[in-house]
């Protein structure tokens, strides 16, 4: 069904699925599971409290600082019912980074899990607009005048605040979180267009039946929010979260709940492949021989037969797991082939936060692990003849960057075409899209996290001892992260600072130490892994712009 608003979506899924499990998560006390009816009631309870008790005005901002969990979904729906704009935050960010984001969007209320409540309290002291904190768990924090989601008045009725489809539903911060925040405004129209497109696409991927899904990506990730939450609930599926990303813990959940499908990133698939191979290497030689033999034969077998051939592996997956959609970073073709060979379908997709986010996914008869699949139904896609850049147009394209009309105009043309910054090719017959490179400076890490060099540079440039700073991504060769990028920084010290050291080794040691200290202002995944010190000026264009490609080669050679 194509919904006209999120209210009808919430109403329908709660009525049609009633006592069926919507969201669940295992804790040390056992499984915490919400029925669809329970999800609807808790969402309404929160919305009533925001409207009637806190008197939060329509269109105000509500921030969520939490790991993925069932309560997260109730908070998202509660915010929508209350007529607020939701700002999902990365709970791995530092206070320094979060202050910059919250100063930009000025939320009135923040909902935080018990693991993040101290951080939320500190933010409340630093952000003038932030008046209220609500705890997302049942916990004794009520004594600190912080109400719990479960201690709110049991009022499930209120006059829900409808907003037009053009209104901003979410602000997703993608970069520039230290000094120049860049929040992507996703409207209700964007979200509904995505759900409609994905419902059509998933008909070619998923069987027409009720399913149990695994969620391992953070809910502040738009890929998870759009596909793993809204779209899967729209289908009436049961979604289960994990507290850990360790393969052992994930496999435990998959086995207990007989998981059938999941949304994931290439890094996890590579980790899972390594784990399977590691276990195999511990087996007797005859078992290893039989696996290799079956692996070769499986190439010519239908996928259902492959599942039987590798039944011992599928048993560890719970016995019913048949596939996943991979996105957020390029998929290693060899990893994809491995899972396909043992009977697990891997559908590579592609998207951007600016497109709400899914643009394309492999499906149906036209599939190629080297491609990201054909574009979803509502998208128009073309290649810029001069630059080779992939251009997109459609109802899923963002409203713009919050408070940054200048940046919005840079990426969206007057005709509505979005500049993706990615170099691509489109097969004229199959319409499959092949991403071949990036125009942008953005660094994509193995887990799918996207990091912008300028953000890290702005932190390192705070040092009076550094004359020049450049951050880039360099390809990692060998090991589990082969082919992925890691963050590298090159530093040119000021002449006066360099004169304080009797040799280059001591200068290099001091600079590395200072870079590591400054990097504590950044989330761990944004901190440079490789640090190169150079005493010559960095290469620049005539307009004084850094020649990043040349600098990248310099760093790669040095590392």
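Structure notes:
- Only one entry in 472, 509 is more than 19 Å from residue 389 (Cβ to Cβ) and under 21 Å from the mean Cα position of the chain (by Cα), namely 472.
- In summary, residue 432 fulfils each of the numbered conditions (1) at negative phi; (2) in contact with a helix residue (DSSP H, G or I) (Cβ under 9 Å, 6 or more places away or on another chain); (3) surrounded by fewer than 24 Cβ atoms within 10 Å (Cβ to Cβ) with the single exception of condition (2).
- Among (1) assigned by TED's automatic domain parsing to the domain that holds residue 353; (2) part of a strand (DSSP E or B) - the single one residue 269 does not satisfy: (2)
- Any hit, region 73-81, residues being surrounded by 20 or more Cβ atoms within 10 Å (Cβ to Cβ), touching a residue at least 24 places away in the same chain (Cβ under 8 Å), over 18 Å from residue 152 (Cβ atoms) and touching a strand residue (DSSP E or B) at 6+ places or on another chain (Cβ under 9 Å): no
Residue-wise test of (1) touching a strand residue (DSSP E or B) at 6+ places or on another chain (Cβ under 7 Å); (2) buried (at least 20 other Cβ atoms within 10 Å of the Cβ); (3) under 20 Å from residue 151 (Cα atoms).
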position	(1), (2), (3)
13	no, yes, no
26	no, no, no
33	yes, no, yes
40	no, yes, yes
46	no, yes, yes
59	yes, no, no
62	yes, yes, yes
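- Test: residue in region 431-450 that is in a helix (DSSP H, G or I) and in the same structural domain as residue 546 (by TED's automatic domain parsing): no
- Any chance residue 359 is at pLDDT 95 or above, in the same structural domain as residue 413 (by TED's automatic domain parsing) and either touching a helix residue (DSSP H, G or I) at 6+ places or on another chain (Cβ under 9 Å) or outside any loop (DSSP other than H, G, I, E, B) (or both): yes
- Only one of 510, 489 that is modelled with pLDDT of 95 or more, touching a strand residue (DSSP E or B) at 6+ places or on another chain (Cβ under 9 Å) and surrounded by fewer than 19 Cβ atoms within 10 Å (Cβ to Cβ): 510
A quick yes/no check of all residues on (1) within 21 Å of residue 403 (Cα to Cα); (2) in a helix (DSSP H, G or I); (3) touching a helix residue (DSSP H, G or I) at 6+ places or on another chain (Cβ under 7 Å); (4) at pLDDT 95 or above:
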site	(1), (2), (3), (4)
87	yes, no, yes, yes
98	yes, yes, yes, yes
104	yes, yes, no, yes
116	no, yes, no, yes
143	no, yes, no, no
153	no, no, yes, no
156	no, no, yes, no
160	no, no, yes, no
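- Here residue 378 meets each of (1) part of a helix (DSSP H, G or I); (2) out of contact with any strand residue (DSSP E or B) (no Cβ under 8 Å at 6 or more places or on another chain); (3) at pLDDT 95 or above with one exception, condition (1).
- For residue 459, the requirement of being outside the structural domain of residue 91 (by TED's automatic domain parsing), more than 22 Å from the chain's Cα centre (by Cα) and either assigned to a strand (DSSP E or B) or modelled with pLDDT of 95 or more (or both) is not met.
- Selection status of residue 93, under 21 Å from residue 224 (Cα atoms) and either in contact with a helix residue (DSSP H, G or I) (Cβ under 6 Å, 6 or more places away or on another chain) or not in a helix (DSSP H, G or I) (or both): yes
- Flag if residue 346 is under 17 Å from residue 228 (Cβ atoms), part of a strand (DSSP E or B) and either over 20 Å from the mean Cα position of the chain (by Cα) or modelled with pLDDT of 95 or more (or both): yes
- Residues being surrounded by fewer than 20 Cβ atoms within 10 Å (Cβ to Cβ), over 26 Å from residue 408 (Cβ atoms) and within 21 Å of the chain's Cα centre (by Cα) - total across region 180-220: 1
- The listed residue being touching a residue at least 24 places away in the same chain (Cβ under 8 Å) and either under 18 Å from residue 186 (Cβ atoms) or touching a helix residue (DSSP H, G or I) at 6+ places or on another chain (Cβ under 6 Å) (or both), out of 407, 390: 407
- Once region 5-38 is narrowed to residues that are touching a helix residue (DSSP H, G or I) at 6+ places or on another chain (Cβ under 6 Å) and part of a helix (DSSP H, G or I), the residue that is farthest from residue 79 (Cα to Cα) is 17.
- Test result for residue 236, at positive phi and either in contact with a strand residue (DSSP E or B) (Cβ under 8 Å, 6 or more places away or on another chain) or in a loop (DSSP other than H, G, I, E, B) (or both): yes
- Hits in region 492-507 - residues which are part of a helix (DSSP H, G or I) and crowded, with 17+ Cβ neighbours inside 10 Å: 497, 498, 507
- Selection from region 362-373 of residues that are part of a loop (DSSP other than H, G, I, E, B) and touching a helix residue (DSSP H, G or I) at 6+ places or on another chain (Cβ under 9 Å): 364, 369, 370, 373
The values are calculated or read from the model by the stated rules, or taken from the named source; none is laboratory data. From a predicted model like this one, the values you see are computed outputs, not experimental measurements. So basically every Cβ, Gly included, is an ideal-geometry build from the backbone, and we count neighbours across all protein chains shown.
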